[in-house]
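**Q** Input: one structure, supplied below.
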Amino acid sequence: MYVFPITTTLICLTAVAVVARMISRFWYVRKAGWDDLMIVVSLMTNFVLYAFIVVQVNTGLGEPENTLSPSELRTQLKALWLTIPFYNLTLTLTKISMALLYRRLFPTTRYRIVTLAIIILITITGLWMTISAFVFCIPIAAFWDPNLGDNCLSERVVWCLNASIQITTDLVIVVLPMPVITRLRLPKRQKWALVFVFGLGFFVCAMSIVRLVTLVRLVNSTDETRSNALTALWSSIEADVAIICACLPQLRPLVTRVFPHLLQPLVRSSTYRQQREKKANFYGGFDFSTAFNPEGSHYSASVTGQEHGGQHPDGDGIQVVRELRLECSNSPTPSVIGSHTENHPERNPSSVLDTV
């Protein structure tokens, strides 16, 4: 059966991604955030999701219903009943983790309000999807025992509605950082690299849509145990890929240490550097250079606050400037080309590496 090998491979890759993220955060950055905690909890719920999918596979998932014994069918339906809430919980925690990450990276008042509103929205919808899955039938046992009567919610309405909510919140999370990133005055290669990293969530959106298609086929099928194989598979794929994509932006400190020549920072010419050094840059409060590069990299650009002698707020009221550094990999002491003081002392520009 193709469900077991694919889901097993993906859950292993997901675990590796989360472990690599923890190494990057604790070993190299030496500081973790609430987003890291959320992704660890998400991995744990994902393992529970995987376990119940394995139970379904072992009780005839993908096989015709008339070939299964009543005991196998009952066990498979019990596992399905538990799979649904843990699938929704895994994706909810992953999206909250991403929103918390954005909240750290873009610490402006307006953006923090927006991210807080999105976190509340995701939490409310996540609670609905999780609780509605647990109490889908009253009594609960009616989900796997038809003799107790048809006292269940409509599969067509609830399952498709929840899948649509997942797709919508996926899109919100992916699009959320894009306006800030596209306004950055960065070299094109660096800007597009950031767009690519944060835009990987569109793969999750695509998989959510594929899962919705399989879900529609499932609710219209007369043989649910056979049709549910694809839905279970794509549910697992979506959850795994969501966690992996959430971890990728955090891995650069680890990758640059393990493979120092793989991700070389962009080198600017001295003329370009001098021109850019004179201007304030609107980075949305986020130090992209130190956030994605470990200490000791050849080049770093950080945003610290307002430029001496004037303020340069952008449309969101963010007052930021650039701090350019030229560092030699063989020397532990960097030479500062230009620096400015931070408006907010609680955020240390030299430690913005902690943000990612």
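Bear in mind that the values in this text are calculations on the coordinates, not laboratory data. Just so you know, these numbers come straight off a predicted model, no measurement behind them. Note that we place each Cβ from the backbone using ideal geometry, even for glycine, and neighbour counts take in every protein chain shown.
**Q** Does anything in the stretch 56-100 have its amide N under 11 Å from the 7 Å Cα→Cβ label point of Leu148, and if so which residues?
**A** 78
**Q** Taking amide H atoms as placed 1.01 Å from N in the peptide plane, list the residues 5 or more away in sequence, or in a different chain, whose amide H sits under 5 Å from that of Gly62.
**A** Answer set, sorted by chain and number: Arg226, Asn228, Ala229.
**Q** Still on this structure, please answer the following. I'd like to compare 62-73, 110-121: which one has the highest average count of other Cβ atoms within 10 Å, and what's the full order after that? Before the final figure, lay out each step's value.
**A** On the way: 62-73: 13.4, 110-121: 15.7.
The packing order, highest mean first, is 110-121, 62-73.
**Q** Per-residue HN-Hα couplings for the stretch 231-241, Karplus 6.51 cos²θ - 1.76 cosθ + 1.60 at θ = phi - 60°, whole Hz, x for Gly and Pro?
**A** 5, 4, 4, 6, 5, 5, 4, 4, 5, 5, 5
**Q** Could you tell me which of Cys160, Val29, Ile6 has its Cα farthest along the dipole of the stretch 2-260 towards the positive end, charges placed at Cβ (Lys, Arg +1; Asp, Glu -1), taken about the Cα centre?
**A** Val29
**Q** Per residue of the stretch 34-44, what does 6.51 cos²θ - 1.76 cosθ + 1.60 with θ = phi - 60° give for ³J(HN,Hα)? Whole Hz please, x for Gly and Pro, Karplus curve as stated.
**A** Listing the rounded values in order: 5, 5, 5, 4, 5, 6, 5, 5, 4, 4, 5 Hz.
**Q** How many angstrom lie between the C-alpha centres of the stretch 1-61 and the stretch 139-154?
**A** 32
**Q** Using 7 Å Cα-to-Cβ label points, what is the Phe47/Phe134 separation (nm, one decimal)?
**A** For Phe47 paired with Phe134, the spin-label model returns 2.1 nm.
**Q** Right, here's the next one. Applying the Karplus parametrisation 6.51 cos²θ - 1.76 cosθ + 1.60 with θ = phi - 60° to the phi angles of the stretch 143-158, what ³J(HN,Hα) value in whole Hz is obtained for each residue in order, glycine and proline being reported as x?
**A** With the stated coefficients, the stretch 143-158 comes to 4, 10, 10, x, 5, 7, x, 9, 10, 10, 5, 6, 4, 4, 6, 5 Hz.
**Q** Which residue, chosen from Val41, Thr225, Ile53, occupies the Cα position most advanced towards the positive end of the dipole of the stretch 2-260, where the dipole is computed from +1 (Lys, Arg) and -1 (Asp, Glu) charges on Cβ about the Cα centre?
**A** Farthest along the dipole direction, towards plus: Val41.
**Q** Explain nothing, just the number: dipole magnitude of the stretch 2-260 about its Cα centre with +1 on each Lys and Arg Cβ and -1 on each Asp and Glu Cβ, in debye rounded to the nearest 20.
**A** For the stretch 2-260, the charge dipole is close to 1940 debye.
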